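Please treat every number below as a calculation from the coordinates, not as lab data. Computed from a predicted structure; not experimentally measured. For neighbour counting, all protein chains shown are included, and Cβ atoms are generated from backbone atoms with ideal geometry for every residue, glycine included.
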Amino acid sequence: MADQVLAARNVYKSFGRRQVLRGVDLSVGRGERYVLLGPNGAGKTTLLRVLAMLTPPDSGEVLLFGESAADRPADARARIGFLSHEPCLYLELSALENLEFFGHLYGVPDRAARAAAMLREVGLDHRAHDRVETFSRGMRQRLGLARAVLHSPELVLLDEPYTGLDLRAQDALGELIVRMSGQGTAFLAITHDVAHGLDIATRGGVLASGRIVHESDRAGLDDLRSRYASIVREASP
Amino acid sequence: MTAVLAILAKELRVEMRNKQTINAYLLLSLLILASFRFSLALFDPDYQTLAAPILWVTIFFSGMFSIAPSYRREAEQGTRDGLMLAPVPASDVYLGKMLSSLVVLSALEAFTVVVFLAFFPVDVPEPGALVALLALGTVGFVAVGSLIAAISANLRQSEVMLPVLLVPVLLFTVVMSAVSGTAQVLTGASLGGVSEEARLLAAFAVVFIAAGYLLIEYVMEG
């Protein structure tokens, strides 16, 4: 694949005696929107944490931007955005203060202007000075997305990005992802929401029982949508 | 250094808005001092002699409550991942949080000292020396306390594990030296007269800061 930003090679991860990832191979190219589907307990969140360097793999290799993630974690982290179940926000701080703080850590130039622009982007500019503890789940998720892409990352990892979002916010998130990928940002989103997930995908895969059991390019996404349940069933032990 | 200052400012802002830590410290130190005051009043003891252990036990146990939430809150709110993902060294996170705890604890100690002097009939012939010992002891306390707070935040029952891990380390290092030096200062010794204790406290502070700085990356990776 040309211009690969992420590659996982034969990644294994266990917690105690429970093997969660069993030889995952995965790659995402620049500007691609890869949506990884899977049932609960398939290992999706663990895989995303391994790819984000939050959890080391037991074996296998993760390459970010062509280099081993283990060798240059600070460089790689500066080029990654990550949004997990938890939007990583300080409840006692306002929306603007949260973005300015993370902008500071990422060395974002002209932080205040960039933070304000991102708040407009996710439709929270009218709540910029309100504390996050007063926000709904969906608003926190939108602010979490703004935090994740604040530093214009080249790769964005999303864990169940639609959780807590209403229909309008889901559409807005989809539009933002498509727009950013058009500018070269790669997305890897994991979800069990087949319909929403595949709506924005340019490539899709299925993770079941700790392995990638199916991959589809853009032309095969409709087939994946219709066969998803049977793919998962066949892969289950 | 800019990340350290950003983390310091964030910590102080969160702390001032949360106030749970500050309120818990103030209430606990008041209760500890009142407990000593009323229980010892039965025996009419020599307060000048007992003053140093009373003061440091109060600071020590109240202080644990001001240090503990710093890392635990990050784990509970899910912001720990945000810090670990940021392209800043874990040592910057440690230094920012440690400096914040130092600022907060120093301010709270001033309250403790004022209440202590109001509760107990104690003379402070060398106030400068007392302040110096308090400052040195607090730096060591906060340095190791921040590291152990980070360790305990990864554990189940972190509220219990923090004192279990922290007390043995601090009791035979910072607390003993601080109590010994403070006792001498309260009976008239100058800072020069307690230079051995002051040097020990400074050495503990340097060692604990270095340990925290070097180990925090492994601790935060859990």
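Where helices (runs of 4 or more DSSP H) fall entirely within the range B:1-108, those with at least 2 residues that are within 13 Å of chain A (Cβ to nearest Cβ) are at B:2-18, B:20-40, B:69-77, B:80-85. Among the candidates B:Gly82, B:Gly78, the residue that is buried (at least 23 other Cβ atoms within 10 Å of the Cβ), over 10 Å from the mean Cα position of the chain (by Cα), closer than 28 Å to A:Val108 by Cα and free of Cβ contacts under 8 Å to residues at least 40 places away in the same chain is uniquely B:Gly82. In this entry, A:Val50 passes the filter for residues that are touching a residue at least 40 places away in the same chain (Cβ under 8 Å), crowded, with 19+ Cβ neighbours inside 10 Å and touching a Lys or Arg at 6+ places or on another chain (Cβ under 8 Å). Is it true that B:Val142 is under 30 Å from B:Thr182 (Cα atoms), buried (at least 21 other Cβ atoms within 10 Å of the Cβ) and away from every other protein chain (no Cβ under 14 Å)? Criteria met by B:Val142. Would you check if A:Gly31 is more than 9 Å from chain B (Cβ to nearest Cβ), closer than 13 Å to A:Val156 by Cα and part of a loop (DSSP other than H, G, I, E, B)? When the stated conditions are applied, A:Gly31 passes them. Residues in the range A:195-207 include none that are among the charged types (D, E, K, R), assigned to a strand (DSSP E or B) and closer than 19 Å to A:Thr46 by Cα.
All conditions but one from (1) over 30 Å from A:Arg227 (Cβ atoms); (2) more than 14 Å from chain B (Cβ to nearest Cβ); (3) under 17 Å from the mean Cα position of the chain (by Cα) apply to A:Asp71; the one that does not is (3). Here are the criteria: (1) closer than 21 Å to B:Arg80 by Cβ; (2) under 21 Å from the mean Cα position of the chain (by Cα). Tell me which single one A:Gly138 does not satisfy. Unmet for A:Gly138, out of (1) closer than 21 Å to B:Arg80 by Cβ; (2) under 21 Å from the mean Cα position of the chain (by Cα): (1).
Considering the range B:1-45, the residues that are buried (at least 16 other Cβ atoms within 10 Å of the Cβ) and of a type in the set (Ser, Thr, Tyr) include one that is farthest from B:Pro69 (Cα to Cα), namely B:Ser29. Screening A:Val213, A:Val232, A:Val206 for residues that are among the aliphatic types (A, V, I, L, M) and surrounded by fewer than 18 Cβ atoms within 10 Å (Cβ to Cβ) leaves exactly one candidate, A:Val213.
Residues in the range A:46-68 that are in contact with a helix residue (DSSP H, G or I) (Cβ under 6 Å, 6 or more places away or on another chain), within 17 Å of A:Gly81 (Cα to Cα) and not aliphatic (A, V, I, L, M): A:Thr55 alone.
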